[in-house]
Amino acid sequence: MTTSKMTTITNVEFGKMINAASAMLAANAEKINKLNVFPVPDGDTGTNMSLSMASGAQYERDALDTNIGALSKATAKGLLMGARGNSGVILSQIFRGFSNSMAEKETLSARDLADAMMEAAKIAYKSVMKPTEGTILTVIREAASQANKTAEKTDDVVAVMKDTSEAAQKALDSTPDLLPVLKEVGVVDSGGQGLVFVLDAFYQVLAGTFDEDNIKAPDNAELDQMVEELHAGAQANSDLNPDDIKYGYCTEIMVEIGKGTTVDQKFDYQKFYDHLAKIGDSLLVINDDDIVKVHVHTEDPGNVIHWGTEFGSLVKVKVDNMRDQQQAVIDEQRRQDEAANLAAKENRPAPKVAVIAVAAGDGIAKLFKSLGVYTVISGGQTMNPSTADIVKAIEESKAKAAVILPNNSNIFMAAKQSIDLAKVPVKVVESRTVQQGLSAMLGYNPDGSVDDNAEEMSAMLSEVKSGQITQAVRDTTLDGREIKNGDWLGMVDGKIVTTGKKMLAVAEEITDGMLDEDSEIVTVIYGDGAKTADAEKLLEKVTADRDDLETEIHNGGQPLYPFLISVE
C-alpha cells in the first residue's frame, strides 16, 4: 500500500500517536510478558509498559494546552508518575527525551521527529547507571540513528517513521546476539519488543493504517479493573569496619544553573557528570533547565562543591561522614517494640521516618508491619507499583522522611524516581527479595535519621540468603538446564539452581545448599500451594542432623511462590 507524503505532524496526529501506542501495548501486553527470560509466572514487562503508557496517554488527553510541546510534556509527566518496573521507567525516560526536544513546538517536521528520537535515546542511556546492550536501549539507539539518517534525505515524516520502526524491529531481532541469555532461552528482549510496538503504532497512525476499531485504548474503568485484578493476584551490618568504606563522604549539592557570580562554564550534562564520576561512586545527577541535583560518595566533597559553583549558584549542600555514621551504627541499640505497637493502632501518629515496603500476601504484610513498616504497598512479583503509588504512600504517612523497601529489583527504578517527586527526604534500600526486606527491618531505628536508617538497613541485606520455590510456565533451556512446563524451580538469590517434579524435594535441595557452618536461623514463609504441614516437613528434613539451627514458620499468603526460604 502506498501512503501519501506528509511533511508536518500536528497536535491531532501527535495525540493519535500517543493513544495508539497505549492501545498497541495494551493489546500485546501478554505477548510481551511471555518473553520473560525466567520461565516463572511473574513476567510482567508487558503489563508494566502498558500501564505506564496508559498513564502517559491519559495525561495527554487531559492536557489543557494543545500545542505539541505541551502535549509531549504532559505525556512525559504521565509516564513518570505511572512508571512501573524498570521497563516502565526507561520508557518514561524515552518520552522525557521526546519532551525535551519538542518543547515549545507547535508542529513537528521530519527533522524535528528525528531530533526527538535522538534525544530520547540520549536520555534513556543516561537513566541507566550501567547500560546493557541487547535491551530496549539498543532498540531506541538504532531506531534513532536510522531516523536521523532518513531525515537527512527527506522531509516526509511518514518515511522517517517507517524507517525508524523497521530499524527498531531489526535491532530487536539482534538482541539475542548481544545478550547470550536471550539466545539461550530463544527470545528477544521484552522491553525492546514493547518499544517496537510503540514505534510501529506511531508509523501506522502517520501512514493512515492504524485500525482503531480492532485495537482500542483502554479507558479509565478498564485500567482500574486491570490494576485491581493484578493487585488481587499479588495478594547496617555491625561487622562492617568503617575503615573499609572506600569513599567516606556522602555529598549532595543542588545548583541553580547559570546563576551567581562564580559561573565559569556553560552547563553540559555529560561534562558535568564525567568529572564527578572520576572522583566517586553511587553517583546520581538529575537536572532540568534550571536546577541540577547531585548525589555522590567521594573522598573530596570540596571538589564536588567547587565543581558545582563553576556552573551556577549553590542552593543546597549536604555532606555526611559515612565512616562516623557506621561507627555510630555499631554502637547503637536497635529499638523496635514501640514501632510494632504504633503500627497496630488505627490512628497512628506520623513517624519520624516511615518505612514503605512492597509485598504480596496478607501474612507477609503483617510480618513487615510487626517489624515497624508503616505502609505495605500490595504488589511485587506479579504487580509492580507505579512511582505515583510510592509517592502517595510517602505523602499519606505524613512522615518527615521515608525509606523504601522495593523487595524486587524490578521496582528499583520506580522507587528511585520517587526521591525527586516526594516533598520529604527519601532513601531506597535495594532489597531484592521479601527475605532481604525483612532482614533490613532488623536495622530500622524509628528514632534514627533517614540517612542512618538507610545505611543500617542496607548493611543488613547481606545477612540473609533468599530461596524461592515456584513452578515453570513454559519449556525452555537456561544455563544449560532443560526446564519443562510444570517443573518446580528452586531459586537462590534470583538464580535457578535446581528443578524437579516434586515441590518438597526441590525445596529441600535448595535449603540444604543454602546452609553452611555459620547458619543460625532457617525461616520458611509458605503461601498459595503449600500448607503448615509442608513447611514443618521441610524443616524436619533439613534440620535432622543440625540440632543447633533455629527454625521459624510463617503463613505469608503470597501467590505463585509456595515457599520463600531464608537462611541467616
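All of the numbers you see were taken from the coordinates with simple rules; none came from a lab. All of these numbers come straight from a predicted model, not from anything done at the bench. Heads up, the Cβs are rebuilt from the backbone with ideal geometry, glycines too, and the neighbour counts pull from every protein chain shown.
Among the trypsin sites (Lys or Arg not before Pro) in the range 270-313, those located in a DSSP loop and surrounded by at most 13 other Cβ atoms within 10 Å of their own Cβ are Lys278.
Computed packing ranks the peptides 488-495, 461-468 as 461-468, 488-495, most packed first, by mean other Cβ atoms within 10 Å. A simple spin-label model places the labels of Glu299 and Ser370 4.6 nm from each other, with each point 7 Å out along Cα-to-Cβ.
Between the labelled values (1) 26.8, 89; (2) 24.8, 79; (3) 23.9, 97, the entry that holds Rg and Dmax of the Cα atoms in Å as derived from this structure is (2).
Neighbours of Leu35 by Cβ distance under 12 Å: Lys/Arg scored +1, Asp/Glu scored -1, total 0. Think of it as helices only: each DSSP H run of n ≥ 4 in the chain is worth -39500 (n - 2.57), and spread over all residues that comes to -15500 deg cm²/dmol at 222 nm.
With 20 Å as the limit on Cα-Cα distance, the pairs of Lys77/Lys416; Lys73/Lys130; Lys366/Lys531; Lys400/Lys427 that go past it are Lys73/Lys130. Each Lys and Arg Cβ is given +1 and each Asp and Glu Cβ -1; about its Cα centre, the range 94-163 then shows a dipole of about 340 debye. For Lys501 and Glu550, FRET efficiency with R0 = 30 Å and r from the beta-carbon atoms, rounded to 0.05? After rounding to 0.05, the efficiency reads 0.45. Within the shell defined by Cβ-Cβ distances under 11 Å, the residues around Phe272 carry a net charge of -1, with Lys and Arg each +1 and Asp and Glu each -1. Among Ser282, Ser449, Ser418, Ser87, the order by Cβ neighbours within 10 angstrom, fewest to most, reads Ser282, Ser449, Ser418, Ser87. The slack between Thr7 and Asp177, meaning 0.36 nm per residue of separation minus the straight C-alpha distance, is 57.6 nm. Highest mean first, the peptides 114-125, 44-55, 311-322 sorted by other C-beta atoms within 10 Å per residue fall in the order 44-55, 114-125, 311-322.
Computed from the C-beta positions of Thr543 and Lys278, the FRET efficiency with R₀ = 60 Å rounds to 0.75.
Scalar couplings 3J(HN,Hα) for the range 148-164, obtained by applying the Karplus form with A = 6.51, B = -1.76, C = 1.60 to θ = phi - 60°, are 5, 5, 5, 5, 6, 10, 8, 9, 8, 5, 5, 5, 4, 5, 4, 5, 5 Hz; x denotes Gly and Pro.
For Gln471, the residues 5 or more places off, or on other chains, whose built amide H falls under 5 Å of its own are Leu489.
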